[in-house]
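Encoded as structure tokens, the structure appears first; notes follow it.
The values are calculated or read from the model by the stated rules, or taken from the named source; none is laboratory data. Note that the structure is a prediction, hence the values are computed from the model and not measured. Neighbour counts run over all protein chains shown; Cβ positions are idealised from the backbone, glycine included.
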Amino acid sequence: MLTELLAGRHINMPERIARGAWPHAPLGFADLVNHLAGIVSHRRWFPQPWRECFSPCDPVADLTVIERRGESRYVVHIRRSGASMNLAEEGERVFADPADAAEFYLRTELHLPGDLDGWRVV
């Protein structure tokens, strides 16, 4: 469930209760960093493959994606929409450690520590 939340999935209350995740204690930010670092060190992409904008007419959504290019090369791709939903600013950051890439993703994409789909992250 934690991986789903970190990928941006919303988990509604009935599903949380059914999966034994209610009530829940606050989540530790360092624990999330470690969890996500373990995931990205074994996957090529998280949470999804990066998709380039193909034309200026494509709708643009804010997106942050981690790409593993080797044991010590993690590229975090970032896209942010501009004043118009058809304009984008793109960039990338390169990290040697999966935990550094994970922390950057959590802070940039999910704005953590803070709220993660109703879970308090401290």
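Miscellaneous remarks
- For the stretch 9-31, the set of residues classified as more than 17 Å from Arg107 (Cα to Cα) and in a helix (DSSP H, G or I) consists of Met13, Pro14, Glu15, Arg16, Ile17, Ala18, listed by residue number.
Residue-wise test of (1) part of a loop (DSSP other than H, G, I, E, B); (2) at pLDDT 95 or above; (3) at positive phi.
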| position | (1), (2), (3) |
| --- | --- |
| Glu67 | no, yes, no |
| Tyr74 | no, yes, no |
| Ile78 | no, no, no |
| Ala83 | yes, no, no |
| Asn86 | yes, no, no |
| Ala99 | no, yes, no |
| Phe104 | no, yes, no |
| Leu112 | yes, yes, no |
| Asp115 | no, yes, no |
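- Pick from the stretch 1-46, criterion of a type in the set (Gly, Ala, Ser) and over 18 Å from Arg120 (Cα atoms), ranking: surrounded by the fewest Cβ atoms within 10 Å (Cβ to Cβ): Ala18
- Restricting the stretch 101-122 to residues that are within 15 Å of Glu4 (Cα to Cα) and among the small types (Gly, Ala, Ser), the residue that is surrounded by the most Cβ atoms within 10 Å (Cβ to Cβ): Ala102
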